[in-house]
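Okay, so here's the structure we're looking at.
The values are calculated or read from the model by the stated rules, or taken from the named source; none is laboratory data. In this text the structure is predicted, and so the values were computed from the model without any measurement. For neighbour counting, all protein chains shown are included, and Cβ atoms are generated from backbone atoms with ideal geometry for every residue, glycine included. All accessible areas refer to the heavy atoms of the entire protein, side chains included, with ligands and DNA or RNA removed. Shrake-Rupley method; radii C 1.70, N 1.55, O 1.52, S 1.80 Å.
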Amino acid sequence: MNECIIGVDLGGTRLRVAQVDREMNIVDRKEILTLASQGSESTIERMKEMIRQMLPSDPNTHVAGIGISAPGPSNPNTGVVVAPPNLPGWHNVPLVQILQKEFGYSTYLGNDANVAALAEIARGAARGFRHVIFITVSTGIGGGVVSDGRLLLGKDGLGAELGHIQMIVDGDRVSSLEREAAGPALARKAVAAMEAGQTSMMRDIVHGDLTQVNGSTVGKAAVQGDKLALAIVERAGFILGLGMVTFLHVFNPEIIVLGGGVSTLGDLLFNPMRDAIKKHALDSSYWQDLEIRPAELGENVSLVGAAALVVTKGGMEDVGAVAHKLDKP
């Protein structure tokens, strides 16, 4: 009998559902706007309908389960979406219970960054590795940690919020990795500098309307050699590097995988990050064999990761062993 998995990606902007085979290949996929402002009940009803459309028409194809990637904080142990800031009204929503009752399949919930870590090990840049840190740098900064093939979740599944490590910057100001190096931070720095009189092509990119400056604006200008944008990206890379030093000391990974829109800047971001790691790590043994790679799975990472949740029973089983199984005929 054939087998498939239903993967669900619940995002603040888009809702995606896919049918995925056991080798983590996407067989079919649908996407709509989340319309989060309409509330959780409306979104869940549309999610159910999309899942129905993804169920196999062949009666000989067995559904192994449903995996859900959701923004944090979410509790994978209870299957509850706790209170994601980009999903208004989603407070303690028992999403796993709702979908299991509706469809009767085993259902698993995971934080989107944790799920992405599973995906990159199963089918992406971290394939073959057992000690992995995944970082996504976009509107926010999220992370997932796999240690010796096991996803680190913590007591309530709320662990590995790597973007929210606290740090002291600019003398005595307490901030976080996300507040200093995510896309909105880059935009904030750019706007402040231009309002203070610095010249930049970013002003032309947004036709003089500085309220339209975002992380993508900074990235576009940096790629074209704009001095202000390059300085902002370099600082973000340095701050990210300091965060990585902390992760290296705590988790001692083999590989760091970076995803998200900001990470597409490549060496403009990666080089200052690597420099900070080499300068501030306790010893070269932390980084001399360290791999730092861009994520490979793009916008499908959460769907593949949601399917991997089913294969790993919510991340409880060895992820590396699952990836190894996928290589077998």
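Out of (1) among the polar types (S, T, N, Q); (2) touching a helix residue (DSSP H, G or I) at 6+ places or on another chain (Cβ under 8 Å); (3) free of Cβ contacts under 8 Å to residues at least 24 places away in the same chain, the odd one out for residue 38 is which?
Single failed check for residue 38: (2).
Check 264, 217 and return the single one that is modelled with pLDDT of 95 or more and either in a helix (DSSP H, G or I) or open to solvent by 60 Å² or more (accessible area, probe 1.4 Å) (or both).
217
Quick one: in the stretch 20-46, of everything that is surrounded by 13 or more Cβ atoms within 10 Å (Cβ to Cβ) and within 14 Å of residue 309 (Cα to Cα), which residue is modelled with the lowest pLDDT?
Result: 22.
Take the stretch 236-261 and flag every residue that is without any contact (Cβ under 8 Å) to a residue 24 or more places away in the chain and assigned to a loop (DSSP other than H, G, I, E, B).
Within the stretch 236-261, none qualify.
Looking at the stretch 9-36 only, could you name the residues that are under 19 Å from residue 124 (Cβ atoms), part of a strand (DSSP E or B) and not small (Gly, Ala, Ser)?
Answer for the stretch 9-36, where residues must be under 19 Å from residue 124 (Cβ atoms), part of a strand (DSSP E or B) and not small (Gly, Ala, Ser): 9, 16, 20, 21, 26, 27, 29.
Filter the strands (runs of 3 or more DSSP E) completely within the stretch 98-186 down to those with at least 3 residues that are of a type outside the set (Phe, Trp, Tyr), more than 19 Å from the chain's Cα centre (by Cα) and surrounded by fewer than 19 Cβ atoms within 10 Å (Cβ to Cβ).
166-169, 173-176
Restricting attention to the stretch 222-238, and to residues there that are out of contact with any Lys or Arg (no Cβ under 9 Å at 6 or more places or on another chain) and buried (at least 22 other Cβ atoms within 10 Å of the Cβ), which single residue is farthest from residue 182 (Cα to Cα)?
Only one residue fits best here, namely 222.
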